[in-house]
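First the structure, in the form of structure tokens, and then the observations on it.
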Amino acid sequence: MLRPMLDISRKVLTRVRRGLYAALADIPTSAHGVTNSAVPAQASTPQASEPQNAKALWTEALPTEIAFWDNWFKTHGGEWPEDYKVRMDPDTPLQSFVEAYLPPGGEDIIEILDVGAGPVTKLGKRSANRKIRITAVDPLADAYDRVMAKYGVTPPVRTTWCHGEILTTRFAPETFDLVWAQNSLDHSYEPVRIIEQALTLTKTGGYLVLAHARNEAVNENYQGLHQWNFDGEDGDFIIWNRQSRVNVSKLLQARAEIRARVDATFIEVSFRKTVRG
Ligand SMILES: C[S@@+](CC[C@H](N)C(=O)[O-])C[C@H]1O[C@@H](n2cnc3c(N)ncnc32)[C@H](O)[C@@H]1O
């Protein structure tokens, strides 16, 4: 069910690997430390085998992501024009498999957070059954804003700046009915920390849901932002790479009911928060 949501992003990464560095030339320095000076990343990439390099590797790889989205806006989706239309349309309905995680409709606004949303969240913006409000965050939000300004684009939901790893500095605990992350946390520098914080922001009884490709670091040979593998093992959710392995289900079992569903290429993990805080 989640394949259509993820399909584009997998292709994105393939495109990035093929080399879109040239497109970076006119993206200015980010206020948050992402600079074009990292463009020649391939020449000087530190070894992923040194865990302390996780954030350095991440920072160095970020321009590839900006380059992809620059091209995506420039070409109105490039090979994926339908994706462009769906994301940019303020009337796109919220996907039914996302609605399935929401509480019943009523007068209250249902709060949804998309972590690592990219410049334009893939989530549908309207619900027939509920009043929804989508908050979208991404560490590259400032760079994405500059790209969109360059092409005169206004997104239906503006993504704002936040690293997933510091979500609790920006939002209060128990704020969101649903925290959603797709194809993003495995691109981060500390995914377990993000998950812990995202769960804190989730309302008790609400859901944190992660939709990702399986074992993306292995698939992408630990290149660029692909430093983490998300996988299922005996029903548990595992995050691993060449240096570490965390059984997230065991780590967080006291805070949430956790279900990991995998198929050949995708993993969806839902956390129903059971304990306040
Ligand atoms: C392949 S894109 C996917 C974007 C969007 N979720 C989608 O499905 O189209 C990966 C996104 O993860 C974001 N990301 C990378 N590191 C992150 C972090 N530490 N916290 C949150 N998001 C992060 C990137 O900036 C990028 O926008």
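The values are calculated or read from the model by the stated rules, or taken from the named source; none is laboratory data. Because the structure is predicted, anything quoted here is derived from the model rather than measured. FYI the Cβ positions are ideal-geometry reconstructions off the backbone, even for glycines, and counts take in every protein chain you see. To get the accessible areas, we keep the full protein, side chains included, count just its heavy atoms, and leave off ligands, DNA and RNA. Shrake-Rupley method; radii C 1.70, N 1.55, O 1.52, S 1.80 Å.
Worth pointing out:
- Test: residue in the stretch 212-219 that is open to solvent by less than 30 Å² (accessible area, probe 1.4 Å), under 23 Å from F97 (Cα atoms), part of a strand (DSSP E or B) and away from the ligand (no atom under 13 Å from the Cβ): no
- Per this entry, A128 is counted among residues that are small (G, A, S) and modelled with pLDDT under 95.
- Members of the stretch 179-200 that are part of a helix (DSSP H, G or I), farther than 18 Å from T265 by Cβ, open to solvent by less than 10 Å² (accessible area, probe 1.4 Å) and within 13 Å of the ligand (Cβ to nearest atom): P191, I194, I195, A198
- Within the stretch 52-119, helices (runs of 4 or more DSSP H) holding 2 or more residues that are at pLDDT 95 or above and under 28 Å from Q197 (Cβ atoms): 54-74, 96-99
- Qualifying residue in the stretch 190-204 (condition: touching a residue at least 12 places away in the same chain (Cβ under 8 Å) and farther than 19 Å from R272 by Cα): yes
- Of residues in the stretch 237-263 being touching a Gly at 6+ places or on another chain (Cβ under 9 Å) and basic (K, R), the one farthest from Y207 (Cα to Cα): R261
- Qualifying positions in the stretch 81-101 - in contact (Cβ under 8 Å) with a residue 60 or more places away in the chain and open to solvent by 20 Å² or more (accessible area, probe 1.4 Å): M88, D89, P90, Q95, F97, Y101
- Residue under evaluation F176, criteria (1) farther than 26 Å from D145 by Cβ; (2) of a type outside the set (A, V, I, L, M); (3) away from the ligand (no atom under 13 Å from the Cβ), criterion not met: (1)
- So G224, is it buried (at least 20 other Cβ atoms within 10 Å of the Cβ), under 24 Å from E111 (Cα atoms) and of a type outside the set (K, R): no
- Inspection of the stretch 243-251 finds a residue satisfying the criterion of being in contact with a helix residue (DSSP H, G or I) (Cβ under 6 Å, 6 or more places away or on another chain) and open to solvent by 10 Å² or more (accessible area, probe 1.4 Å).
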